[in-house]
Amino acid sequence: MATLYLSGGGLGRSAHAWPEALHWLAAQPGPLLLASIASDDDRQARTLQQLLLAAGREATLVAHLPHEVAEPTTLFLCGGDATRLLDQPERVRELQDALTMPDLTIVADSASAMALGRRAASCTCGGHAIRVTEGIGALGAWSILAHAIGANDERLAALADAALPNGGPRLALPVGAAVEVLGLGSRTSGEPGGLDFRSAPWSQVSAHRSDAR
């Protein structure tokens, strides 16, 4: 399986304010790919490309996710609208296939992170009501809220799944928060077991999980 990081947002047009993440991305071996799979707007990818170039690292904008990788490769998935991404079966298949590639490191930002969960919301960064749909389910029972405002963000309730106890486990990722997913691919049922999250070394703030121990 791929190595997967989830980011709560902040690596867009204000990425210069998150130097830890930029330096980490710039230091990754092999090709660095940037994909706008959740939006037709590639400004986030182009801004990130320019900032990385200023740090001495070339990154390539790609229209489609790789079908295979022959060397360690890092793929950054830009934000946008998770529900829009989920309405595109070809994009979903590309993402599902990418998750199985052992030499690939994926950084899913904002909407791309939310789309991977059991349930997914439309853009949550504008203060408006969100739309919710079934997500890809790559994280087992977990659902993800990006641009979260702390552990008690009221929008977490919209991601509750009536088929799971207590609505299912949910992870709130504020802007500047990032986690590595541990145990990816070990659990695809409605149970949260077998999957965990570890704060990424470039995370500026903490993520908040509904099943905190």
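Miscellaneous remarks
- Using alpha-carbon coordinates, inclination of helix 43-54 to the longest axis of the chain, degrees: 50 degrees
- Fraction of C-alpha pairs exceeding 21 angstrom in segment 48-171: 43 percent, rounded to a whole number.
- Taking the DSSP bridge list for segment 18-122 and keeping only pairs wholly inside it, about 0 percent are antiparallel.
- Over the chain: helical MRE at 222 nm, DSSP H runs n ≥ 4 each giving -39500 (n - 2.57), nearest 500: -5000 deg cm²/dmol
- GNM on the chain, alpha-carbon springs under 10 angstrom: the most fluctuating residue among ALA82, ALA120, ALA98 is ALA98.
- Options ALA26, SER143, ILE106, ranked by Cα towards positive dipole end of the chain, top entry (Cβ charges): SER143
- Close amide-amide hydrogen proximity is noted between VAL107 and TYR5, LEU75, PHE76, LEU77, each under 5 Å apart and 5 or more residues distant or on a separate chain (H modeled in the peptide plane; Pro and chain starts excluded).
- Amide H to amide H distances under 5 Å link ARG209 with ALA172, where only residues 5 or more positions off or on other chains count and H is placed in the peptide plane.
- Under 5 Å between amide hydrogens, built in the peptide plane, is the criterion, and for ALA2 it picks out THR100, MET101 among residues at least 5 positions away or on other chains.
- Pairwise label distance in nanometres, GLU58 with GLN96, each label 7 Å out on the Cα-Cβ vector: 3.5 nm
- Rounded to the nearest 5, the antiparallel percentage of DSSP beta bridges internal to segment 3-209 is 35%.
- The HN-Hα couplings worked out from phi for segment 101-118 by the Karplus form 6.51 cos²θ - 1.76 cosθ + 1.60 (θ = phi - 60°) are 8, x, 8, 10, 9, 10, 10, 9, 9, 6, 4, 5, 5, 5, 4, 6, x, 5 Hz, whole numbers, x standing for Gly and Pro.
- On Cα atoms only, tilt of 89-98 relative to the major axis of the chain in degrees: 70 degrees
- Highest-MSF residue in the chain out of ASP40, ASP87, ASP153 [GNM, Cα springs under 10 Å]: ASP40
- If you take all other residues with their beta carbon under 15 Å from the beta carbon of GLY30, and give Lys and Arg +1 and Asp and Glu -1, the sum is -3.
- Sequence-ordered 3J(HN,Hα) estimates for segment 61-72 from the Karplus curve with 6.51, -1.76 and 1.60 and θ = phi - 60° stand at 7, 10, 7, 10, 6, x, 7, 7, 10, 9, 8, x Hz, glycine and proline given as x.
- Classified by the C-alpha gyration tensor, segment 3-209 has a prolate form. Its axis ratio a/c, with a ≥ b ≥ c, is 1.5 or above, and a/b is larger than b/c.
Readers should treat all values here as calculations from the given coordinates under stated rules, not as data from a laboratory. The structure presented is a predicted model; accordingly, all values stated were derived computationally and were not measured. Here Cβ is always computed from backbone atoms with ideal geometry, including for glycine, and neighbour counts include all displayed protein chains.
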